[in-house]
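Values in this text are rule-based calculations from the coordinates and carry no lab data. Model, not experiment: these values are computed from the prediction. Glycine gets a Cβ as well: all are built from the backbone with ideal geometry, and neighbour counts include every protein chain shown.
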Amino acid sequence: MSEHCHVVLHPLVQHKLTIMREKGTSTAVFRQLLREISQLLAYEVTRDLPMTTSTIETPLAEMEAPRLAGRKLALVSILRAGNGLLDGMLDLIPSARVGFVGLYRDEETLEPVEYYFKVPAELDRRVVIAVDPMLATGNSSVAAISRLKEAGAKDIRFLCLLASPEGVERMRQAHPDVPITTAALDERIDERGYILPGLGDAGDRMFGTK
Ligand code: URA
């Protein structure tokens, strides 16, 4: 779509997402596919991590070999549905530190209110990947990222499963420095803030709460 929003069109991602969207897909299958797809999305969102080299010895020779440069990663889950993306991402990046941001919507002011915030130390020295499966209105994601910036984060990326054009635009206006990686950009949000055609309530589908 743009440099700000990268849609991962890999066939495996698209196939898994189609099964997740189907209303008859069970909680167990949804959860398994979410784990698999989040590994593939983690692969994409870390594609440009800074690299360095070090001298190593193979059984046959010495070589200058590539490795990740010193900056550490932090994954930050936007509760509760963000947690569904963590396991798969940690399969791929086991040394990443993990943080959590919890927000709810005040029904009178409609503003996001923070109820939980716990993030790794030295956020300013980490690549921070904020995760939430659904970028719908963008309200909670924008607020969570503002909070991460207040806590010192400087290099933030946002990873989701589905995005709406409204959510992408809201994020681009509020946080133009935060690139978005998603498996699909859907048509729009409905009057209740659900993504269409979407996959329904991501939290309910992954945790079986409905
Ligand atoms: N959150 C969800 O879980 N689903 C949507 O469609 C939008 C927000």
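Once C-alpha pairs closer than 8 Å and six or more residues apart are averaged by separation and normalised to the residue number of the chain, the relative contact order reads 23 percent. Estimated purely from DSSP H runs of n ≥ 4, each contributing -39500 (n - 2.57), the mean residue ellipticity at 222 nm for the chain is -10000 deg cm²/dmol once divided by its residues.
For segment 102-156, applying the loop criterion from DSSP together with a ceiling of 13 other beta carbons within 10 Å to the GluC sites (Glu not before Pro) yields 107, 108, 122. Based on Cα contacts under 8 Å between residues 6+ apart, segment 104-155 shows a relative contact order of 41 percent. With a simple spin-label model that places each label point 7 Å from the Cα along the Cα-to-Cβ direction, the separation between residue 12 and residue 32 comes to 1.6 nm.
Net charge near residue 207: determine it from the other residues with C-beta under 11 Å of the C-beta of residue 207, scoring Lys and Arg +1 and Asp and Glu -1.
Numbers: positive: 31, 80, 205, 210; negative: 201, 204.
Once all neighbours under 11 Å are counted, the net charge is +2.
Expressed as a whole percent, the proportion of Cα-Cα pairs in segment 71-181 lying more than 26 Å apart is 10%. Projected area of segment 1-63, taken from the Cα convex hull and averaged over every viewing direction, in nm²? Across all orientations, segment 1-63 yields a mean hull projection of 7.5 nm². No solvent, one uniform scatterer per C-alpha: report log10 I(q)/I(0) for the chain via the Debye equation at q = 0.09, 0.12, 0.14 1/Å, two decimals. Rounded to two decimals, the profile gives -0.35, -0.61, -0.82. Residue farthest toward the positive end of the dipole of the chain, with Cβ of Lys/Arg at +1 and Asp/Glu at -1: which of 58, 7, 143? Farthest along the dipole direction, towards plus: 58.
Taking Lys and Arg as +1 and Asp and Glu as -1, the other residues whose beta-carbon sits under 14 Å from that of residue 117 total +1.
Below 8 Å, C-alpha to C-alpha, sequence gap of six or more: please give me the relative contact order for segment 46-146 in percent. Present the calculation step by step, with values, prior to reporting the outcome.
Details: 154 pairs, mean separation 27.3, N = 101.
Relative contact order for segment 46-146 comes out at 27 percent.
Expressed to the nearest 5 percent, the antiparallel share of DSSP beta bridges inside the chain is 40 percent. For the pair segment 133-159 / segment 187-210, the C-alpha centres are spaced 20 Å from each other. With Cβ to Cβ distances under 10 Å as the rule, what net charge do the other residues near residue 96 carry (K, R +1; D, E -1)? Charge balance in the 10 Å sphere: +3.
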